[in-house]
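The values are calculated or read from the model by the stated rules, or taken from the named source; none is laboratory data. These figures come from a predicted structure and were not determined experimentally. For neighbour counting, all protein chains shown are included, and Cβ atoms are generated from backbone atoms with ideal geometry for every residue, glycine included.
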Amino acid sequence: MPGAKRLQPVKREPAALSIAHQLTQAIMDGTLPPGTQLGEAELAAELGVSRGPLREAMQRLVQQGIARSEPHRGVFVITLTQDDVRDIYLARTAVESAACRLILGRDPQGSADRLALVHGAMAEAAQRGDHTALSAADTELHQVLVDESGSPRLKRMAQTLFVETRMCITALQDKYPVPDVMVDEHAAIIQAIRDGDEEHLLRLMEEHMQDAVDRLTQDPVQGAPDAAVVAAGS
């Protein structure tokens, strides 16, 4: 067509990014649990890739903070302490509270509608008793909340925090909130966005995060903080 712009070739996702995505998913769902060594030979064979892009992918995980590199030993999935759990949720509170303020100044009704769609999936998962789907919907809802802020830097800051959150929830299912309580808490946050009530919204967000910290750092038998290392992220 005369004067029409030429279409650009579709760029394939670099192999290292695809591998890093698969490894991240495996870390989040517990397939690669905390402390696991990421062996090059085994992973290369399982993924059907060469070691070059695999090494690059593993380095991305190290840079992201969900894996650690030990000289002369290799790369391992991180294991977080209870202090890490508290710090992660402190950071999440800061990031998501900032996102809430930005949402209220942009399009709170539209954001609430988009959050409500994810909340519907969360409610359905809770009704089915599907904890895996519930966890995924929980993470997605918070991702949407940060996305709705319109801040690319908040989105980048939240990425690793969400991965670590899924790691912890996967490993500590017994401390996960009662499904109905979880659904109700998120419904209240969405309603506060609709109402444009910043003070109430920020209070709900802080209480929501603190409740998660209390659950994830509590001894399941004694009901008191356990000094042992949490066998997961948060």
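Of everything in region 76-94 that's assigned to a loop (DSSP other than H, G, I, E, B) and not hydrophobic (A, V, I, L, M, F, W, C), which residue is nearest to Arg51 (Cα to Cα)?
Per the criteria, the residue is Thr79.
Might you let me know whether region 175-195 holds any residue that is in a helix (DSSP H, G or I), closer than 20 Å to Leu80 by Cβ and without any contact (Cβ under 8 Å) to a residue 60 or more places away in the chain? Give the steps one after another, and end with the answer.
Within region 175-195, the subset in a helix (DSSP H, G or I) is 175, 179-195.
Within this subset, residues satisfying the condition of being closer than 20 Å to Leu80 by Cβ are 175.
Next, from what is left, pick out any that are without any contact (Cβ under 8 Å) to a residue 60 or more places away in the chain: 175.
Looking through region 175-195, at least one residue is in a helix (DSSP H, G or I), closer than 20 Å to Leu80 by Cβ and without any contact (Cβ under 8 Å) to a residue 60 or more places away in the chain.
Testing Ala112 on (1) more than 16 Å from the chain's Cα centre (by Cα); (2) farther than 24 Å from Pro179 by Cα; (3) in contact (Cβ under 8 Å) with a residue 60 or more places away in the chain, one condition comes back false. Which one is that?
(2)
Among the residues of region 130-173, count how many are at pLDDT 90 or above and among the small types (Gly, Ala, Ser).
So the count comes out to 5.
Has region 142-154 got at least one residue that is in contact (Cβ under 8 Å) with a residue 12 or more places away in the chain, hydroxyl-bearing (Ser, Thr, Tyr) and in contact with an Asp or Glu (Cβ under 7 Å, 6 or more places away or on another chain)?
There is no residue in region 142-154 that is in contact (Cβ under 8 Å) with a residue 12 or more places away in the chain, hydroxyl-bearing (Ser, Thr, Tyr) and in contact with an Asp or Glu (Cβ under 7 Å, 6 or more places away or on another chain).
Filter region 186-225 down to residues that are at pLDDT below 95 and in contact with a Pro (Cβ under 8 Å, 6 or more places away or on another chain) and give me whichever is surrounded by the fewest Cβ atoms within 10 Å (Cβ to Cβ).
Filtering first and then ranking leaves Asp219.
Could you list, in sequence order, the residues of region 31-58 that are of a type in the set (Gly, Ala, Ser) and loosely packed, with under 15 Cβ neighbours inside 10 Å?
Of all residues in region 31-58, those of a type in the set (Gly, Ala, Ser) come to 35, 39, 41, 44-45, 48, 50, 52, 57.
Within region 31-58, Gly35, Gly39, Ala41, Ala45, Gly48, Ser50, Gly52 meet the criteria.
Hey, does region 143-152 have a residue that's in a loop (DSSP other than H, G, I, E, B), assigned by TED's automatic domain parsing to the domain that holds Ala20 and either among the polar types (S, T, N, Q) or closer than 17 Å to Thr170 by Cα (or both)?
Filtering region 143-152 down to residues in a loop (DSSP other than H, G, I, E, B) leaves 148-151.
Pick out the ones that are also assigned by TED's automatic domain parsing to the domain that holds Ala20 and you get none.
Checking region 143-152: not a single residue is in a loop (DSSP other than H, G, I, E, B), assigned by TED's automatic domain parsing to the domain that holds Ala20 and either among the polar types (S, T, N, Q) or closer than 17 Å to Thr170 by Cα (or both).
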